[in-house]
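The values are calculated or read from the model by the stated rules, or taken from the named source; none is laboratory data. Predicted, not measured: the structure shown is a model, and the values here were computed from it. Neighbour counts are summed over all protein chains in view; Cβ atoms, including those assigned to glycine, are modelled from backbone coordinates with ideal geometry.
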Amino acid sequence: MSKNLKTAFVIFLVLALVSCAEQGGLKAGTATGKSMLRLLPADSRVVLMVDIHRALATDAAQSALKDPQAKQKYDEFVKKAGLDPMKDVYFLAVAVAGMPGSRDMREALVINLRYNKDAFLAKLKETVKDLKEETYNGVTIYKGPGHMAAADQAPSGAFLDDSNIVLGQEKLVRAVIDVYQKKADSVAKNPEMKKYFKAVNADAIFWGAAAVPQDLIKAQADKNPMLKDLVGLKGLTMSFDYANKMLIAEVQALGGTKEQNKSIAEKLSAIKGMGAMMGGQQPVIGELLNKVEISSSSDNVKVYAGIPYELLEKAQKIAQEKMGQMMPGGPQPGKDEKKDEKKEEKKEEVNK
């Protein structure tokens, strides 16, 4: 074999291996949000993906864990589960199949992580006393106390390999096993969902895509003419990312005509304006809403926001103060001020 032919062969082999990688593996540490799609059933109508590693590294998460109570709960979870999410858990992939709200709706959660199966199973059996086992295509499915429910609705779980665990209703758990064993197609090959996966920012910390049931939309529009512009809506995508101390959020409604999308964008802008007026006493609400951009095109309506972390902290602090005032025994500005005034008057009388 000539030198040039050998070089060409090596290049061809490298390209073939790269193409087979399919944008990341399924091993903990090498998996990506896109590669995790290869574990979800083709008939999934809603898909949600969370990059746990990156989420727990954000300023908000790190700040929350500085709170003694939050840190204590986190440490208790690590001790109880035998897992440290910051070190061991990488992705959470949620799949929902069937019509939303119907008896046919099923959910499953695939967790991508590093774990010791024997230790994890021992913890599980210690926690769930009435754990049942059955074998499906060579994989053991574990059923919780709800095993008396309909066979395909029982809460179940299975170890797919040393990096992936599936939890959910038994019917969908079985479907995930079929996909994992390549006996059924994944949602990554679903033509309809593929369009939404291309439209969403699949590199974000949290992202999701959903196919909108046309019958459900039409039925709601028939009941309420105000929703007529939603007829034609085919899909929804959302993503939330964090970079350079900035929360970047994007929600898209896909489908509809140019006129329908323009009308929806105008209504959303009106709601945004009303929100700013109603929040006049709290300038932070106006600051948040000013970061929201609403636009439309011939095939989508987009809501985008880039919010600095400092503004989020400011809003969170005000929300916590409001919640404290609403809770029994919490600070009540008006009442507390009157109480303080009465205390001062009593002190003056005693001094006299």
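Per-structure values
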| item | result |
| --- | --- |
| Scan of the range 257-294 for residues that are over 24 Å from the mean Cα position of the chain (by Cα) and outside any helix (DSSP H, G or I), ordered by number | Thr257, Gly279, Gly280, Gln281, Gln282 |
| Test for Ala253: is it over 24 Å from the mean Cα position of the chain (by Cα) and either surrounded by 13 or more Cβ atoms within 10 Å (Cβ to Cβ) or of a type in the set (S, T, N, Q) (or both) | no |
| Residue that is within 28 Å of Ala57 (Cα to Cα) and in contact with a Lys or Arg (Cβ under 6 Å, 6 or more places away or on another chain), where the choices are Phe120, Phe91, Phe159 | Phe159 |
| Members of the range 230-247 found to be of a type outside the set (Gly, Ala, Ser), over 22 Å from Val46 (Cβ atoms) and not in a loop (DSSP other than H, G, I, E, B), listed by number | Tyr242, Met246, Leu247 |
| Residue ranges of strands (runs of 3 or more DSSP E) in the range 19-128 with at least 3 members touching a Phe, Trp or Tyr at 6+ places or on another chain (Cβ under 7 Å) and touching a residue at least 12 places away in the same chain (Cβ under 8 Å) | 44-51 |
| Residue check, Ala188 modelled with pLDDT of 95 or more, more than 19 Å from Ser102 (Cα to Cα) and outside any helix (DSSP H, G or I) | no |
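Table: residues versus (1) at pLDDT below 90; (2) over 29 Å from Ala175 (Cα atoms); (3) in contact with a Gly (Cβ under 8 Å, 6 or more places away or on another chain).
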position: Phe9; (1), (2), (3): yes, yes, no
position: Leu17; (1), (2), (3): yes, no, no
position: Gln23; (1), (2), (3): yes, no, no
position: Gly29; (1), (2), (3): no, no, no
position: Gly33; (1), (2), (3): no, no, no
position: Pro41; (1), (2), (3): no, no, no
